[in-house]
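These notes are about the structure you will find just below.
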Amino acid sequence: MEEKIHTILARAQEALAQSSSSEEIEEIRVRFLGRKGELTQILRGLGELSPEKRGAIGKRANEIKAKIETAIESKIESLRHSKFIRLIDEEWIDVSLNSPATTGGLARGHLHPISHIQYEIEDIFTSMGFTVLDGPEVETDYYNFEALNIPSYHPARDMQDTFWTEDGNLLRTHTSAIQVRGMETHRPPFKVIGPGRVFRYEAIDASHENTFYQVEGMMVDRNISVAHLIYFMKVLLREIFKKEVTIRLRPGYFPFVEPGFELDIHCLICGGKGCSVCKQSGWVELLPCGLVHPNVLRYGKIDPDEWSGFAFGLGLNRLVMMRYGINDIRHFLSGDIRFVSQF
Ligand code: FA5
């Protein structure tokens, strides 16, 4: 037994040195330390030895057991390490190489034209000192109508066909709800814009969608007049179209502005001759706007005797249509990759 115990350690070390996989190491562990393993057998047979030998051999066997366990651990560790080194060596990726996307193999993603124009508008307005605000798509009656001077009995509610939720809330029909939220978080003087998606229960045609995008704008300061409004609108259109665009301002009714206007631009699809987008009129309604109604300021806890303001609500889909000559609004939500990949 003594002789056997002397050779066990050397044999286990030798076997470990030869091994090259975790399965082989496990076999070695079972062979020497398992329930029926060589060392376990020796420890079990200690009872047959004389008390003097039992102590010495038992101690030695336990030392050897610990050494084999340590050797197994370090072999596992060194295998792990060399596997890692091999992986680094064999499976490295040259991230500087051109990918199929850059060499024309795979199509590259890009911003949707509406997002693109939205970010452009944000840049134009932030460069003029406006702050960009956000608001929820599911709104309350208060923010979408009530605080915009449209009480529940008001016939103006019918101007915007609304998707109501069962709990009495609604999908916001315009970004004007963001104005109201803006007045709650900002004290005058302030200039804010609020881009976002809006929803209306509309019959769909070449220029009407049920889901579309707007950018709201609001400026509140002392002595704001229509001249301020026209100035900002002209800067906006010039920056977007990179040229002077023919506009016309006609009276428009919105309960939250007084006076209210419809700012139309000369149809850029047909050059004013008449087409399905401009409904053969040569003009496209793009930008309703006006001076903020005193009641709306009051809802925002702003004194209308001291402050005044202008507001506008720009339809983004129609703006993109004018810019790129898109003749049907339904393309935007069509999911047709041939359409979006043109931008
Ligand atoms: C409004 O939504 C007002 N909240 C705008 C406003 C804001 C007026 C601030 C005054 C002061 P209107 O319903 O006209 O107004 O819509 C604004 C713009 O959204 C339109 O000029 C048009 O460009 C776009 N739009 C309206 N309905 C649709 C639709 N169904 N599909 C696509 N675009 C639409």
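This table checks each residue for (1) within 8 Å of the ligand (Cβ to nearest atom); (2) closer than 20 Å to PRO195 by Cα; (3) of a type in the set (A, V, I, L, M, F, W, C).
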| position | (1), (2), (3) |
| --- | --- |
| GLY260 | yes, no, no |
| ILE269 | no, no, yes |
| CYS278 | no, no, yes |
| TRP283 | no, no, yes |
| LEU291 | no, yes, yes |
| ASN295 | no, no, no |
| LYS301 | no, no, no |
### Task
Return only the number of the condition from (1) of a type outside the set (A, V, I, L, M); (2) farther than 28 Å from THR185 by Cα; (3) not in a strand (DSSP E or B) that ARG248 does not satisfy.
(3)
## Note on the structure
Within the range 210-223, restricting to residues that are part of a strand (DSSP E or B) and more than 7 Å from the ligand (Cβ to nearest atom), the one that is surrounded by the most Cβ atoms within 10 Å (Cβ to Cβ) is GLY217
### Query
Could you give every pair whose Cβ atoms fall below 6 Å, whose first residue belongs to the range 171-183 and is closer than 15 Å to GLN160 by Cβ and in a loop (DSSP other than H, G, I, E, B), and whose second residue is hydroxyl-bearing (Ser, Thr, Tyr) and modelled with pLDDT of 95 or more, counting only separations of at least 6 or pairs across chains?
none
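Here is a yes/no grid of residues against (1) under 25 Å from THR7 (Cα atoms); (2) at pLDDT 90 or above; (3) of a type in the set (Val, Ile, Thr):
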{"position": "GLU48", "(1), (2), (3)": "yes, no, no"}
{"position": "ILE68", "(1), (2), (3)": "yes, yes, yes"}
{"position": "ILE93", "(1), (2), (3)": "no, no, yes"}
{"position": "SER96", "(1), (2), (3)": "no, no, no"}
### Exclusive hit being within 16 Å of the ligand (Cβ to nearest atom), on the phi < 0 side of the Ramachandran plot and surrounded by 15 or more Cβ atoms within 10 Å (Cβ to Cβ), set ALA147, ALA61
ALA147
## Note on the structure
Scanning the range 192-209 for residues that are surrounded by fewer than 20 Cβ atoms within 10 Å (Cβ to Cβ) and part of a strand (DSSP E or B), the one nearest to the ligand (Cβ to nearest atom) turns out to be HIS208
### Residue list for the range 251-283, filter: part of a strand (DSSP E or B) and surrounded by 16 or more Cβ atoms within 10 Å (Cβ to Cβ)
VAL257, GLY260, PHE261, GLU262, LEU263, ASP264, ILE265, HIS266, TRP283
### Test: residue in the range 217-237 that is within 19 Å of LEU333 (Cβ to Cβ) and in the same structural domain as TYR299 (by TED's automatic domain parsing)
no
### Query
What about GLY271, is it out of contact with any strand residue (DSSP E or B) (no Cβ under 8 Å at 6 or more places or on another chain), assigned by TED's automatic domain parsing to the domain that holds PHE312, of a type in the set (Gly, Ala, Ser) and farther than 29 Å from ASN149 by Cβ?
yes
### Query
Hey, among the residues in the range 315-338 that are under 26 Å from PRO255 (Cβ atoms) and more than 7 Å from the ligand (Cβ to nearest atom), which one's surrounded by the fewest Cβ atoms within 10 Å (Cβ to Cβ)?
LEU316
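The values are calculated or read from the model by the stated rules, or taken from the named source; none is laboratory data. This structure is a prediction, so every number in the text was calculated from the model and none was measured. For neighbour counting, all protein chains shown are included, and Cβ atoms are generated from backbone atoms with ideal geometry for every residue, glycine included.
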